[in-house]
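Chemist: First, the structure itself, so that you have it in front of you.
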Amino acid sequence: PWLPLQWQQGDALATGLADGWADGAVMAYGLRNLADPGAGLVELRRLLRPGGRAVVLDFNRPDPASAPAAFQRFYLRRLVVPAARAVGLPEQYAYLEESLARFPTGPIQQELARAAGFSEARHRPLAGGLMGLLELQA
């Protein structure tokens with residue numbers, strides 16, 4: 001009761017919600033799955049009131065020749081995807097590596113966020129570079 005939440009489900013590229021509708025937003029493992037991550041950031045910015053904040057958590061896309069990238073490939077190919085296959089969910093996880101290959105890097109996510117109208121955009125790697133957190137302020 002002290003924190004009224006309203007859950008919404010819909011198209012992240014065209015929510016249909018009013019401008020400045022939200023004080024804040026959180027997205028986890030969603031930006032990477034949008035047809036156009038830049039358009040998703042534009043919609044996210046539109047939804048936030050001035051000064052509103054958002055964070056986007058997702059896999060990070062480390063340098064392909066780096067140790068974190070090698071570990072990420074190993075982790076996905078040898079652990080995550082086979083485990084998903086074993087429990088009958090192969091389609092839900094088999095696309096992960098492909099989606100990472102086309103996902104913008106942290107610096108490009110920052111550029112996209114600024115182009116979308118965010119006054120602040122900071123991407124920082126987490127978990128040894130395997131994950132990334134994009135911190136935004138409208």
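Chemist: Check which residues have an amide H placed less than 5 Å from ASN60's amide H, if you skip close sequence neighbours.
Modeler: MET131, GLY132
Chemist: Note down the nm distance, to one decimal, between modelled labels 7 Å out along Cα→Cβ at TRP2 and at GLU135.
Modeler: 2.4 nm
Chemist: While we're here: Kindly work out what percent of the DSSP beta bridges joining two residues of the chain are antiparallel, to the nearest 5. Present the calculation step by step, with values, prior to reporting the outcome.
Modeler: Values: 14 of 20 bridges.
Within the chain, antiparallel bridges account for around 70 percent of the total.
Chemist: Which FRET efficiency value, to the nearest 0.05, is calculated for VAL80 and ALA115 with the Förster distance at 22 angstrom and r the Cβ-Cβ distance? Please report the intermediate quantities before stating the final value.
Modeler: Numbers: r = 32 Å, r/R0 = 1.46.
Efficiency for this residue pair is about 0.10.
Chemist: Let me ask another. Roughly speaking, what is the stretch gain from ARG49 to ILE108, that is 0.36 nm per residue apart minus the C-alpha to C-alpha distance, in nm to one decimal?
Modeler: Values: separation 59, 0.36 × 59 = 21.24 nm, distance 2.38 nm.
Full extension from ARG49 to ILE108 adds 18.9 nm.
Chemist: Okay, moving on. For the chain, what is the calculated [θ] at 222 nm in deg cm²/dmol (nearest 500), taking -39500 (n - 2.57) for each run of four or more DSSP H residues and dividing by its residue count? All intermediate terms of the calculation are to be shown ahead of the outcome.
Modeler: On the way: 6 runs with 47 residues, N = 138.
Helix-only estimate at 222 nm: -9000 deg cm²/dmol.
Chemist: Just to verify a number: what accessible area does GLU43 come out at with the full protein assembly present, 1.4 Å probe, Å² rounded to tens?
Modeler: 20 Å²
Chemist: Dipole of the chain, Cα-centred, from +1 at each Lys and Arg C-beta and -1 at each Asp and Glu C-beta, to the nearest 20 debye?
Modeler: On the way: 14 positive and 13 negative charges, 69 e Å.
Dipole of the chain, to the nearest 20 debye: 320 debye.
Chemist: Taking the Cα-to-Cβ direction at ALA127 and at LEU57 and moving 7 Å from each Cα, how far apart do the two end points lie in nm?
Modeler: Calculated label separation equals 0.9 nm.
Chemist: Note down the nm distance, to one decimal, between modelled labels 7 Å out along Cα→Cβ at VAL87 and at ALA101.
Modeler: Between VAL87 and ALA101, the label points sit 2.6 nm apart.
The values are calculated or read from the model by the stated rules, or taken from the named source; none is laboratory data. Since we're looking at a predicted model, the values are computed, not measured. Glycine also receives a Cβ, built like all others from the backbone with ideal geometry; neighbour counts cover every protein chain displayed. Accessible surface areas use protein heavy atoms only, side chains included; no ligands, DNA or RNA. Shrake-Rupley method; radii C 1.70, N 1.55, O 1.52, S 1.80 Å.
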